[in-house]
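Worksheet for the structure shown next.
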Amino acid sequence: MSIKAQYAGLATGLVSMATVFGVAPAAHAFDFKLSGQVNRAIIAADNGKSSGVGFVDNHSSNTRFGFSGSQDVNPNYSIGFDYVIGLGDNQSSNYDINHSGSSGVGIQNRQANVYLKGDFGKFTLGKQDGAANSTSKVDYSGLTDLGGGSVVDDYFGGLSFVNGAGAITSVKNVYSNFDALSRVNAIRYDTPNFNGATLSLSYDEGQAIEVAPRYEHKFADGVKFGAALDYVDSGQRNQTVTPTGRTTSGNSFKEYGGSASVLLPSGLNFFAQYKRRNYSNTTYSNGNSLNNAQSYSGGIGYIIGKNHFQGFFGQTDDLYTSNSQARNYGVAYRYDLMKAVNMYASYHHLTANNLDTNAKDINLVFAGVRVKFF
């Protein structure tokens with residue numbers, strides 16, 4: 001029996017039950033759908049001292065399923081909801097060489113919100129992406145979240161830089177694309193689209209503020225251009241209260257920057273990203289004050305048929321120490337077996353300087369398969 005037939009049978013049964021109990025089915029039910037994906041990957045890495053292989057869930061676009069629904073209230077506006085659960089057991093961002101077994105949160109709530117949408121724009125309340133999230137990821141190569149783009153820490157941030165004595169620190173403590181705030185409890189407003197331009201604003205729990213203008217346009221000659229900028233004030237999101245009742249702050253920052261991408265009719269594409277964070281009440285592991293850090297990256301890609309190629313470079317400065325520098329050089333490839341099945345592989349060469357000691361380079365392959373359903 002097909003899924004459609006099963007649903008039809010179930011619907012008939014429910015209507016019959018409603019009739020028996022004297023309950024009439026609603027005249028206007030929510031339009032409802034189930035969707036999701038499975039995204040599993042392999043990390044094969046060498047940190048200059050030892051090597052290992054991890055079988056992980058791609059944390060940049062993790063395994064998930066979700067429910068969403070919407071209903072027109074009248075011709076001017078509709079109301080809807082999104083509820084998404086992440087099922088990323090053994091997250092790629094937590095894997096490290098010589099560490100075996102499951103790591104990372106197996107089940108997590110990604111989205112749980114309601115929204116009101118109309119000619120006036122869209123208001124969303126609940127668990128969601130902050131307004132500026134993904135402003136570091138504008139990239140038409142098709143490889144962002146699948147091994148390429150500006151992402152590094154989500155792919156394999158748990159890997160350790162090492163020296164002769166052992167581990168120094170993990171990649172995610174040295175390298176980041178500073179992509180605003182993700183999966184926060186907030187109220188958010190998105191303006192209507194004005195000839196390709198939109199503005200998003202959110203007020204997140206912890207008194208964080210995010211503002212993000214975006215623009216996307218396809219020109220008459222077939223050239224496609226997109227860009228996103230952001231301003232983020234993290235507010236008191238990381239504020240803690242001591243047992244004595246004293247309130248302290250940590251890791252507070254203000255972020256600005258963005259990313260942009262161009263796709264030519266030939267399939268050739270480019271992306272560039274820059275972000276800066278100015279910190280307050282924040283210190284390095286050695287106790288010195290962390291004042292600011294910056295991240296930038298860029299890449300050249302090519303799309304032909306079902307094939308996506310990209311070469312990229314990225315760098316983060318001053319995140320681990322006041323003069324630390326981490327770099328990522330790499331290439332990525334994606335093949336679309338079908339619209340819902342993406343196979344991908346990438347090679348990365350990571351370097352880190354001025355981590356209070358010399359660090360060995362990391363070389364790795366990150367490869368996987370993403371299968372979407374419904």
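A few notes on this one:
- Cβ pairs under 9 Å, 6+ apart, first in segment 117-134 and more than 16 Å from L181 (Cα to Cα) and in contact (Cβ under 8 Å) with a residue 24 or more places away in the chain, second of a type in the set (K, R) and open to solvent by 10 Å² or more (accessible area, probe 1.4 Å): K122/R188; F123/K117; F123/R188
- Residues that are aromatic (F, W, Y) and over 19 Å from R276 (Cα atoms), drawn from segment 174-202: Y189, F194
- Residue, modelled with the highest pLDDT, within segment 330-353, restricted to residues that are over 25 Å from R40 (Cβ atoms) and surrounded by fewer than 17 Cβ atoms within 10 Å (Cβ to Cβ): T351
- Condition check for G149: in contact with a Phe, Trp or Tyr (Cβ under 6 Å, 6 or more places away or on another chain) and open to solvent by less than 30 Å² (accessible area, probe 1.4 Å): no
- Selection of segment 93-113 for residues being under 17 Å from the mean Cα position of the chain (by Cα) and at pLDDT 95 or above yields Q111, A112.
- The set of residues in segment 265-285 being assigned to a loop (DSSP other than H, G, I, E, B) and either within 29 Å of V223 (Cα to Cα) or open to solvent by 80 Å² or more (accessible area, probe 1.4 Å) (or both) consists of P265, S266, G267, N281, S285.
- Condition met for I209 (open to solvent by 80 Å² or more (accessible area, probe 1.4 Å), β-branched (V, I, T) and either at pLDDT 95 or above or in a strand (DSSP E or B) (or both)): no
- Filtered by the rule that a residue be under 15 Å from S176 (Cα atoms) and in contact with a Leu (Cβ under 8 Å, 6 or more places away or on another chain), segment 277-289 gives a lone residue, Y279.
- Within segment 216-226, the set of residues being surrounded by fewer than 18 Cβ atoms within 10 Å (Cβ to Cβ) and not in a loop (DSSP other than H, G, I, E, B) comprises E216, H217, K218, K224, F225.
The values are calculated or read from the model by the stated rules, or taken from the named source; none is laboratory data. These numbers come from a predicted model, not from an experiment. Backbone-built Cβ (ideal geometry, glycine too); neighbour counts: all protein chains shown. Note: areas computed on protein heavy atoms with side chains; ligands, DNA, RNA excluded. Shrake-Rupley method; radii C 1.70, N 1.55, O 1.52, S 1.80 Å.
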